[in-house]
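Asks: One structure coming up, written as structure tokens, with questions to follow.
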Amino acid sequence: MKFKPTARAAGMEYAIRDLVLPAREIERSGTRVIRLNIGDPVAFDFDTPEHIKRAMFDAVLEGNNSYGDSEGYLELRQAIAEREKAKNSNSVGTESIVVTTGITEGIQLLLGAMVDNGDELLVPGPTYPPYSSVTRYYGGKPVPYRTIEEKGWRPDLDDIRSRISERTKAILIVSPNNPTGAVYRENDLREICNIAGEHGLPVISDEIYDMLTYGTEHVSPSRVSKDVPMVILNGFSKSYLVTGWRIGYVVFRDSGGYLSDLQDAFLKEARARLCASNPAQRAMVAALRGPQTHLTRMVKALKERRDYTVRRLNEMDGISVTAPEGAFYVFPRIDAPGWKSDRDFVLHVLKHGHVLFVNGSGFDSQYGAMHFRSVFLAPVDVMAEAMDGLEKALRTAR
Ligand SMILES: Cc1ncc(COP(=O)(O)O)c(C=O)c1O
């Protein structure tokens, strides 16, 4: 006899970490695997800026080790409000901001308050998996809208329109996108906001990669539309190199009171989970208000790594990729015939090339199929080794 877990938990999938088990098997036999599956810059050669580390250290030494407020540390929410105003011309008060344990918790709380059985969330196809899996967890249905690979993975506006139903609760935008690296243009954002406005739907905007772009500046939908109700999720993990500290935030941007009950429900959930890390929140004040010079260095290094990776991939027979304009992922297409699935391809590359990628179908079974995702966070010499491994695996008989 075995205890039977719930179907909703058994259905939770996260392809980005699911393939670590077969990688560990190979590592156990003494072979080094280059892991390019997880989007964590701190796991590579990007280090948390010194002044941010010091602020965390000081916050602990000064005794900020108790529980904090459920909605977040007030001074941090003030700094976030200033940041939103400066970056996106988005004027929000601290009462509209909630600090969470990473965006990840923000997604859980938001969809917990938004999605009931049978409700639908329009998500980009492909997309960052938790938006789909958490929607399913709450009995809802993620409905992917097409993004057009030949046009740099920009959103297909007609497809968005055609997928709206009576059960649609919101339209999700993730720009810069994970896994495609697409940075949505202002006219596309304006059109998505118009569609949302016509149907009385809020827009959810995940902006975690907003500072990591390579030439095309990020535009927030909150800058483009001032009247469509919006829930903005952002976080410190990537831009401030604190992935393990788990601090993010959610902004309810709403002029007409349309989101007030949703925000109340969100806050009820937030109180039930107590608070985000107290000392880490204080350190994030220093992150927002202190020097930002690490970002310039980071973007420069990432651009070089992106250019190298894209060139190598496009030189390979059977692989093609559009250059990402933001974030730190490439999402190449597997053109070579004969593969059973993208997962089969990724497992083959792991076994014969000793590089760990993520299968594209983990980001959407339709729009991600026959693709794979790689980070380009590693230094060029490591990316070179990984690309050599991929080439070797492509030459190895299946
Ligand atoms: C689009 C997107 N949103 C959110 C997250 C998670 O962010 P956090 O570390 O703030 O939970 C990620 C992590 O990869 C991401 O790619």
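The values are calculated or read from the model by the stated rules, or taken from the named source; none is laboratory data. Just so it is clear, the model here is predicted, and its values are computed rather than measured. Note: ideal-geometry Cβ built from the backbone for every residue, glycine included; neighbour counts use all protein chains shown.
Asks: Among the β-branched types (Val, Ile, Thr), away from the ligand (no atom under 12 Å from the Cβ) and modelled with pLDDT of 95 or more: is that true of residue 204 in this structure?
Replies: No, not satisfied.
Asks: Moving on. Can you tell which of 138, 145, 131 is over 17 Å from residue 108 (Cα atoms) and within 22 Å of the chain's Cα centre (by Cα)?
Replies: Sole residue among the options that is over 17 Å from residue 108 (Cα atoms) and within 22 Å of the chain's Cα centre (by Cα): 145.
Asks: Testing residue 142 on (1) surrounded by fewer than 23 Cβ atoms within 10 Å (Cβ to Cβ); (2) touching a residue at least 24 places away in the same chain (Cβ under 8 Å); (3) not aliphatic (A, V, I, L, M), one condition comes back false. Which one is that?
Replies: (2)
Asks: Let me ask another. So, in the stretch 221-243, exactly how many residues are of a type outside the set (Phe, Trp, Tyr), within 29 Å of residue 45 (Cα to Cα) and in a loop (DSSP other than H, G, I, E, B)?
Replies: 5
Asks: Same structure, new question: When the residues of the stretch 67-114 are filtered to those that are in contact with a strand residue (DSSP E or B) (Cβ under 6 Å, 6 or more places away or on another chain) and among the hydroxyl-bearing types (Ser, Thr, Tyr), which remaining residue is nearest to the ligand (Cβ to nearest atom)?
Replies: Taking the candidates together, the pick is 100.
Asks: Take the residues in the stretch 276-321 that are polar (S, T, N, Q) and part of a helix (DSSP H, G or I); name whichever of them is nearest to residue 370 (Cα to Cα).
Replies: 314
Asks: Just one of (1) more than 27 Å from residue 374 (Cα to Cα); (2) surrounded by fewer than 21 Cβ atoms within 10 Å (Cβ to Cβ); (3) touching a strand residue (DSSP E or B) at 6+ places or on another chain (Cβ under 6 Å) trips up residue 156, so point out which.
Replies: (1)
Asks: Here's a follow-up. Collect the residues in the stretch 226-266 that are near the ligand (Cβ under 10 Å from one of its atoms) and without any contact (Cβ under 8 Å) to a residue 60 or more places away in the chain, keeping them in residue-number order.
Replies: Selection gives 236 alone.
Asks: Identify all residues within the stretch 244-265 that are surrounded by fewer than 20 Cβ atoms within 10 Å (Cβ to Cβ), within 20 Å of the chain's Cα centre (by Cα) and in a helix (DSSP H, G or I); write none if there are none.
Replies: The one that is surrounded by fewer than 20 Cβ atoms within 10 Å (Cβ to Cβ), within 20 Å of the chain's Cα centre (by Cα) and in a helix (DSSP H, G or I): 244.
Asks: Of all residues in the stretch 34-52, how many are in contact (Cβ under 8 Å) with a residue 24 or more places away in the chain and not in a loop (DSSP other than H, G, I, E, B)?
Replies: Here the count works out to 7.
Asks: Here's another thing I want to ask about it. Being farther than 16 Å from residue 379 by Cα, over 21 Å from the mean Cα position of the chain (by Cα) and surrounded by 20 or more Cβ atoms within 10 Å (Cβ to Cβ) is the requirement here; does residue 279 meet it?
Replies: Against the criterion (farther than 16 Å from residue 379 by Cα, over 21 Å from the mean Cα position of the chain (by Cα) and surrounded by 20 or more Cβ atoms within 10 Å (Cβ to Cβ)), residue 279 qualifies.
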